[in-house]
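The values are calculated or read from the model by the stated rules, or taken from the named source; none is laboratory data. Since the model is a prediction, treat every value here as computed from it, not as a measurement. In this analysis, Cβ positions are derived from the backbone assuming ideal geometry, glycine residues included, and neighbour counts consider all displayed protein chains.
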Amino acid sequence: MFRTFALVCHRAAQGAVIAILGAILVIVVIQIVLRYGFGASLTWSEEVVRYLLIWLTFVGASVAVREGSLVGLDLLPRFAERIGLGPALNILVSLLGLCFVLATAYYGFQLASSPAIQRQSFSTLPLPMTLVYGAIPLSAGLMAVQLVDVIVDQVRRGRDT
């Protein structure tokens, strides 16, 4: 049941990444055509693309967690494999990652819901900055779901996934 939920979250995150990339592409192309073709420009395009890149980074990180494609150092895991502690080390690293993303989700929510952030808005559009800061707790929550699924799989299989 949880695995299905984690997979649905993963598919939703993949779809969001594709949609965000598409939106960035469309906005940038329109901005280029308007600026160099017509001598005009959109006042809000750079800011919106910047915030979409923030969302892309955070949501993309949850996709990378599920797929095991985050950047990592492998010196210690290689050594642990040689002495037979590879699976235990992988589980420990995943548990530490889970603690980190849970703390990030908690403090990210505190930040996004703070009155100081709620009073701010985009400089070029009447949209609240909570939309930008909301990427932190949401993506950390998605990463936590994926890490729990990875940990359960690691424990069941006794090896890294």
Single residue of VAL152, VAL132 found to be over 21 Å from VAL59 (Cα atoms) and surrounded by 14 or more Cβ atoms within 10 Å (Cβ to Cβ): VAL152
Scan the stretch 141-161 for residues that are in contact with a Leu (Cβ under 6 Å, 6 or more places away or on another chain) and without any contact (Cβ under 8 Å) to a residue 40 or more places away in the chain and report the count. 0
Look at the stretch 79-98 and say how many of its residues are of a type outside the set (Gly, Ala, Ser) and either without any contact (Cβ under 8 Å) to a residue 24 or more places away in the chain or outside any helix (DSSP H, G or I) (or both). 9
So SER62 ticks every box in (1) without any contact (Cβ under 8 Å) to a residue 12 or more places away in the chain; (2) of a type in the set (Ser, Thr, Tyr); (3) under 20 Å from LEU142 (Cβ atoms) but one. Which box is left unticked? (1)
Quick one: how many residues across the stretch 47-92 are acidic (Asp, Glu), over 14 Å from the mean Cα position of the chain (by Cα) and within 24 Å of GLN14 (Cα to Cα)? 1
Those residues of the stretch 99-135 which are touching a Ser or Thr at 6+ places or on another chain (Cβ under 8 Å), assigned to a helix (DSSP H, G or I) and of a type in the set (Val, Ile, Thr) amount to ILE117, THR130
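Residues checked against (1) among the charged types (D, E, K, R); (2) at pLDDT below 95:
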{"position": "ASN90", "(1), (2)": "no, yes"}
{"position": "LEU96", "(1), (2)": "no, yes"}
{"position": "ALA105", "(1), (2)": "no, no"}
{"position": "PHE109", "(1), (2)": "no, no"}
{"position": "PRO126", "(1), (2)": "no, yes"}
{"position": "ALA135", "(1), (2)": "no, no"}
{"position": "LEU138", "(1), (2)": "no, no"}
{"position": "ARG156", "(1), (2)": "yes, yes"}
{"position": "ASP160", "(1), (2)": "yes, yes"}
Selection count where residues are touching a helix residue (DSSP H, G or I) at 6+ places or on another chain (Cβ under 6 Å), of a type in the set (Gly, Ala, Ser) and either outside any helix (DSSP H, G or I) or over 20 Å from LEU127 (Cα atoms) (or both), scope the stretch 30-58: 2
Answer yes or no: is there a residue in the stretch 132-155 that is more than 30 Å from GLY84 (Cα to Cα), more than 21 Å from the chain's Cα centre (by Cα) and of a type in the set (A, V, I, L, M). no
Residue identified as surrounded by fewer than 17 Cβ atoms within 10 Å (Cβ to Cβ) and at negative phi among LEU56, LEU95, LEU52: LEU95
Of a type outside the set (Val, Ile, Thr), touching a helix residue (DSSP H, G or I) at 6+ places or on another chain (Cβ under 7 Å) and free of Cβ contacts under 8 Å to residues at least 12 places away in the same chain - does that describe any residue in the stretch 123-140? yes
Among (1) out of contact with any helix residue (DSSP H, G or I) (no Cβ under 6 Å at 6 or more places or on another chain); (2) in a helix (DSSP H, G or I), there is one condition ILE27 misses while meeting the rest; what is its number? (1)
